[in-house]
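Please read the structure below before turning to the comments.
The values are calculated or read from the model by the stated rules, or taken from the named source; none is laboratory data. Source: prediction; values computed, not measured. Quick reminder, even Gly has a Cβ in these numbers, built from the backbone with ideal geometry, and neighbours come from all protein chains shown.
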Amino acid sequence: MHPEKPPLRIFLCAPRGFCAGVVRAIDAVERALVKYGAPVYVRHEIVHNKYVVESLRRKGAVFVEELTEVPDGDRPVIFSAHGVPKAVPAEAGRRNLFAIDATCPLVTKVHREAMVHFKRGRQIVLVGHRNHPEVIGTMGQLPAGAVTLIETPQDARHFQPRDANSLSYVTQTTLSVDDTAEIVAILRERFPAIVGPHKEDICYATTNRQEAVKRTAPKVEAMIVVGAPNSSNSQRLREVAERSGCRATALVQGAEEIDWSRFGAIKSLAITAGASAPEVLVEEIIDAFAQRYAIEVDTVSTAEESVFFPLPRELREDAAE
């Protein structure tokens, strides 16, 4: 023990950090760089994390917001884990670009559900956050007006469908489990015939990380969520911690963002990380606290994750060279 340092008990939430979809997307960029050399173009941040994006940029990835920024030629262009509207691969096809789709398979599942509902003539409600790339991608699978976005319980109460008997819903994969349940409950109460997904659209990783936070937040004075401000699942983790009774919560991208005036005089702390945050950032934060406190670290585990998604076909070892 270090007598000059106050004691601090740190609880690490598990699972935390990278999910299978994020691992697949990052691996896709790294594999493309090895297989085809730099530059490899990536439309939108491959995942919402500055550390990840910068490290890929140093290796030769070029991040663009639109395909118009990608020069003609045979360089690979990778679509991010969040998914893209149908117009994007169509444009890539018209320009003969070498497109590789790294959309998370669980996002692709939502796209397919929406298309099935549309083919069956149902009006589609999408529960999600406006302007999030995943929502833009899902709405962009279908003609304009086919999907109605619902963001809040109030939206759900005021929504007027064309035909209450021909209605369906899908959701963004990274939402708050509790918020989404509230919105879906309102829709089901108002429209008993509404058709939902066979299996929840909120992905296993979002659910598991929120569950670990719920279990841990009431036990600690403060919680740090490692993640980017534009990461939906990371923002939801901070909100869940707050609602679960944790007085001081913060979303930080790294140790340098810790506000020591807020986290200076605590005896217990929980740390978690959004699905696009690498574990190295969690370790840096633990180190920053270890410099100021005599720390004792425990893990609070609520689930084991063994999900694995294979790389896009073009990047697999057994794919035709």
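Per the listing 111, 117, 82, the residue uniquely buried (at least 17 other Cβ atoms within 10 Å of the Cβ) and either within 19 Å of residue 65 (Cβ to Cβ) or touching a Phe, Trp or Tyr at 6+ places or on another chain (Cβ under 8 Å) (or both) is 82. I'd like to check something: does the range 168-188 contain any residue that is outside any loop (DSSP other than H, G, I, E, B), at pLDDT 95 or above, under 27 Å from residue 53 (Cβ atoms) and under 20 Å from the mean Cα position of the chain (by Cα)? Taking every residue of the range 168-188 in turn, at least one turns out to be outside any loop (DSSP other than H, G, I, E, B), at pLDDT 95 or above, under 27 Å from residue 53 (Cβ atoms) and under 20 Å from the mean Cα position of the chain (by Cα). Residue 266: over 24 Å from the mean Cα position of the chain (by Cα), of a type in the set (Val, Ile, Thr) and on the phi < 0 side of the Ramachandran plot, yes or no? Yes; evaluated as a whole, the condition is true for this residue.
Out of all the residues in the range 291-304, which are over 29 Å from the mean Cα position of the chain (by Cα) and not acidic (Asp, Glu)?
291, 292, 293, 294, 295
When the range 297-315 is filtered for residues that are over 17 Å from residue 223 (Cβ atoms) and either assigned to a loop (DSSP other than H, G, I, E, B) or out of contact with any helix residue (DSSP H, G or I) (no Cβ under 6 Å at 6 or more places or on another chain) (or both), the ones remaining, listed by number, are 303, 304, 305, 306, 307, 308, 309, 310, 311, 312, 313, 314.
For the structure I just gave you, tell me whether residue 24 is assigned to a loop (DSSP other than H, G, I, E, B), at pLDDT 95 or above, within 22 Å of residue 208 (Cα to Cα) and within 24 Å of the chain's Cα centre (by Cα). For residue 24, the condition - assigned to a loop (DSSP other than H, G, I, E, B), at pLDDT 95 or above, within 22 Å of residue 208 (Cα to Cα) and within 24 Å of the chain's Cα centre (by Cα) - is not met.
In the range 80-127, what residues are in contact with a helix residue (DSSP H, G or I) (Cβ under 7 Å, 6 or more places away or on another chain), outside the structural domain of residue 42 (by TED's automatic domain parsing) and without any contact (Cβ under 8 Å) to a residue 40 or more places away in the chain? Selection gives 111 alone. Of all the numbered requirements in (1) hydrophobic (A, V, I, L, M, F, W, C); (2) in contact with a Gly (Cβ under 7 Å, 6 or more places away or on another chain); (3) part of a helix (DSSP H, G or I), residue 81 misses one, and that requirement is (3).
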